[in-house]
Structures are given as C-alpha cells and as structure tokens.
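The values are calculated or read from the model by the stated rules, or taken from the named source; none is laboratory data. Nothing here was measured: the structure is a model prediction, and the numbers come from that model. All Cβ positions, even for glycine, are placed from backbone atoms using ideal geometry, and neighbour counts span all protein chains on display. Note: areas computed on protein heavy atoms with side chains; ligands, DNA, RNA excluded. Shrake-Rupley method; radii C 1.70, N 1.55, O 1.52, S 1.80 Å.
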Amino acid sequence: MNSIKIILTGATGMVGEGVLMECLENPDIFQVMSVSRKPSGKKHAKLKEYIVSDFLNIDLNDENFKGYDAVFFCAGTSSIGMSEEDYTKITYDTTMHFARAVLSQNPDMVFNYVSGAYTDKTESGKQMWARVKGRTENELKKLGFRATYSFRPGFMKPVEGQENVKWFFRPFIWLVPIILPSKSLTLQQVGKAMINAVQKGYPVSTLEINDIKNLAI
C-alpha cells in the first residue's frame with residue numbers, strides 16, 4: 001500500500017512527535033493529520049492539523065476523519081498521582097471515543113495504539129495503569145477495525161531534532177540503550193513499525209519490543 005494517509009494523536013508529546021517526524025520523512029506517507037488540543041509547531045507539506053478542545057466531545061460522525069487508512073494513537077499520560085477514575089477517563093474513555101469516531105468514517109482502517117510494556121491484558125492485576133491499558137487494548141480489538149495493533153515499547157530513544165523531550169529524560173537517552181539494549185527502541189523504529197503494520201500486517205496483534213524491532217526492518 002502506497003500513498004498512505006494517517007491520523008496521528010499525541011504530536012505534542014515525545015512519542016507522538018517522534019512518530020510524526022518519521023512519517024513526514026517516509027515516502028510512502030502521503031498525508032498526516034495531527035489531531036491535538038494544541039498545534040504541534042511543525043510545518044510540512046504533508047502535515048495537516050485538526051485542533052480539538054476535548055477528544056470526548058468529538059462528533060462520532062465527524063467527516064474530518066474521512067478518507068484515512070490508519071490511526072497512530074500516540075497520545076497518553078502518566079498515571080502518577082492520578083486516581084483510577086481520572087486515569088480511566090483519559091486513557092480508556094478518550095481512546096475508545098476517538099476510535100469509534102474514526103471507524104465510523106473509515107471502516108477498513110488500521111488502528112495502532114501505543115500501550116506500554118507490562119500492560120495487563122487480564123485487567124485484574126495490582127498495577128492500576130496496567131489494568132486500564134489492558135482494558136483499552138482488549139476493547140479496541142473488539143471494535144471491528146481491519147486490524148488493531150497494540151504497541152508495547154520499552155525505553156524509546158527520541159528522533160534527532162525532537163523538541164518534546166522532558167528535561168529529566170535527557171541524561172538517560174544515550175545510557176539506557178547501552179545498558180539495556182533488549183529493553184530499548186528508537187522512536188524511528190516505532191514509527192517504521194507502525195507504517196509497516198499498515199502496509200504489510202503482522203502475525204500478532206500485541207507487539208512487544210522484539211516484535212516492534214522486527215516489524216521496523
């Protein structure tokens with residue numbers, strides 16, 4: 001599949017920005033529509049931006065989403081200091097509402113969801129964030145997309161030139177891939193793997209670190 005049109009969320013965060021940069025450089029990507037609460041600050045011929053104040057208020061019949069091949073859902077937040085109710089609203093409710101809105105306009109699309117390592121697919125473990133992420137993964141796969149892939153990356157090295165990298169993260173960028181290579185990826189690999197998931201597919205729907213590395217080749 002060439003000339004792919006992508007909807008991307010999270011462009012103002014580290015993961016989304018890195019994946020966006022990879023998409024803009026990839027010749028198989030025709031257009032990326034960034035859906036976000038604020039502009040990404042990036043300018044590119046392939047980039048279109050759709051600013052929404054609240055993802056939960058998106059119309060389920062919003063025709064701005066029509067004509068796209070895939071969603072790269074890279075938006076997310078840390079659970080630190082959050083109640084399960086609040087984290088569920090941001091992580092589960094928002095994602096599911098968005099997924100239903102894009103699916104209504106593109107019944108044959110692929111949905112790539114950035115989850116996390118150690119996500120709990122049983123939804124019954126002790127870690128709150130892992131249960132909520134697991135529920136989100138499970139429910140997305142029931143919606144009826146052509147394919148749904150849950151990406152579970154570990155440490156992700158930013159793409160050169162990224163701006164949305166937390167200050168406390170920067171000292172570890174060079175160190176972690178050396179100390180823990182099996183737990184590390186680059187955001188370039190994550191972006192390539194997402195694109196290849198749309199073009200080629202993959203045998204499993206839950207992609208751990210090694211799966212992402214294999215799919216990025």
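Descriptive notes on the structure:
- Under the condition of being open to solvent by 40 Å² or more (accessible area, probe 1.4 Å) and touching a residue at least 24 places away in the same chain (Cβ under 8 Å), the residues counted in segment 50-63 number 5.
- Taking residues in segment 129-145 that are polar (S, T, N, Q), and partners anywhere that are assigned to a loop (DSSP other than H, G, I, E, B) and open to solvent by less than 50 Å² (accessible area, probe 1.4 Å), the pairs with Cβ atoms closer than 8 Å and at least 6 places apart or on different chains are Thr136/Ser115.
- Elements of the type strands (runs of 3 or more DSSP E) sitting completely within segment 7-75 and holding at least 2 residues that are over 23 Å from Ala147 (Cβ atoms) and of a type outside the set (A, V, I, L, M): these cover 47-51.
- Residue satisfying all of: in segment 134-184; part of a helix (DSSP H, G or I), at pLDDT 85 or above and over 22 Å from Leu20 (Cβ atoms); most open to solvent (accessible area, probe 1.4 Å) among these: Arg135
- The set of residues in segment 27-42 being under 17 Å from Lys5 (Cα atoms) and surrounded by fewer than 17 Cβ atoms within 10 Å (Cβ to Cβ) consists of Pro27, Asp28, Phe30.
- The criterion of being modelled with pLDDT under 95 and either part of a loop (DSSP other than H, G, I, E, B) or more than 14 Å from the chain's Cα centre (by Cα) (or both) holds for Ser78.
- Scanning segment 17-26 for residues that are acidic (Asp, Glu) and within 17 Å of the chain's Cα centre (by Cα), we see that the one that is least open to solvent (accessible area, probe 1.4 Å) is Glu17.
- Evaluation of Arg100 against the conditions (1) more than 16 Å from Glu139 (Cα to Cα); (2) open to solvent by 60 Å² or more (accessible area, probe 1.4 Å); (3) not small (Gly, Ala, Ser) shows that the sole unmet condition is (1).
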